[in-house]
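One structure is given below, encoded as structure tokens.
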Amino acid sequence: MFRVGAQIRALRSAASLSGLGLAQASGVSRSLISRIERGLVSPSVDTLERIAHGLGVPVARFFADQAERMDFSLVRRGQGMRVDRLGAVAGYRYELLGHLLSGQMFVEPYLVQLDSEAAPYASFQHPGLKFIHLLSGRIQYRYGPRVMDLNAGDSLLFDASALHGVEAVLERPVSYLSIVFTLRA
């Protein structure tokens, strides 16, 4: 009983939901959620399904042993998957550095390298958050109406729904780590 409650509490906390927020999202009373989380009552299957729906997870997630989870991705240097993206900008090479197999967050880490003929392109736009860490070179990077100078070692985190991308290449070679975070639908 307590283990299921502890999982529910951990998932609720990870989703930044209060007990009241989960109660509203699931249709289960706040007091019942509190008693389940503390291991004082054993919830019915219907109640578990409603709480799972409120958290956006499958019911099986409540019974998963988080200490034994094995969803990780290890990619050795130079062994990332070369990705040919539809509509990719000429001269931009993408190497996928990993992926996760489960969870609510979809994460795409890429090593992006600009070939010598790569032209600036500042019209990317997609859902989610993006993290850029410049590994080599110097660029001007556009985020919406702002243009920022980035040097090797600089990082940028932003909402990717705004127009963004390399506005100008100031010093080559250019390579950067690009990580896109989106919620699974």
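The values are calculated or read from the model by the stated rules, or taken from the named source; none is laboratory data. Bear in mind the structure is a predicted one, so any value in this text is a computation, not a measurement. When we count neighbours, we look across all protein chains shown, and the Cβ atoms used for this are built from the backbone with ideal geometry, even at glycine. The area values use the complete protein model at the heavy-atom level, side chains included, leaving out ligands, DNA and RNA. Shrake-Rupley method; radii C 1.70, N 1.55, O 1.52, S 1.80 Å.
Near LEU163, the amide H atoms lying under 5 Å from its own belong to GLY144; only residues 5 or more places off or on other chains count, and H is placed 1.01 Å from N.
Every helix of 4 or more DSSP H residues in the chain counts as -39500 (n - 2.57), and over all residues that averages to -6500 deg cm²/dmol at 222 nm. Here region 115-169 is treated as an ellipsoid with the same Cα gyration tensor; its semi-axes, largest first and in whole Å, are 17, 13, 10. Could you tell me which label, among (1) 16.5; (2) 17.6; (3) 19.2, carries the value of Kirkwood radius over Cα pairs in Å calculated for this structure? Checked against the structure: label (3). Gap in Å between the Cα centre of region 137-168 and the Cα centre of region 1-59? Computed from Cα coordinates, the inter-centre distance equals 41 Å.
Taking the C-alpha atoms only, the angle from helix 45-55 to the longest principal axis of the chain is near 30 degrees. Projected label points at ASP115 and ALA6, each 7 Å from Cα along the beta carbon direction, are separated by 5.4 nanometres. Cα extents for region 90-147 along the principal axes, largest to smallest and rounded to whole angstrom: 37, 26, 20.
Accessible surface calculations at 1.4 Å, restricted to protein heavy atoms, place the chain at 59 Å² per residue. Put a dot 7 Å past the Cα of SER16, heading toward its Cβ, do the same for GLU49, and the two dots end up 3.1 nm apart. Take every Cα pair under 8 Å whose residues are at least 6 apart in sequence, average their separation, divide by the length of the chain, and the relative contact order is 18 percent. Computed over protein heavy atoms with a 1.4 Å probe, the carbon and sulfur contribution to the accessible area of the chain reaches 56%. Based on C-alpha pairs under 8 angstrom that are at least 6 apart in sequence, region 106-159 has a relative contact order of 34 percent. Other residues lying with their Cβ under 12 Å from the Cβ of SER26 contribute a combined charge of +1, Lys and Arg counting +1, Asp and Glu -1. Computed from the C-beta positions of HIS126 and GLN79, the FRET efficiency with R₀ = 41 Å rounds to 0.95.
Were the residues from SER155 through GLN24 laid out at 0.36 nm apart, the gain over their Cα-Cα distance would be 43.4 nm.
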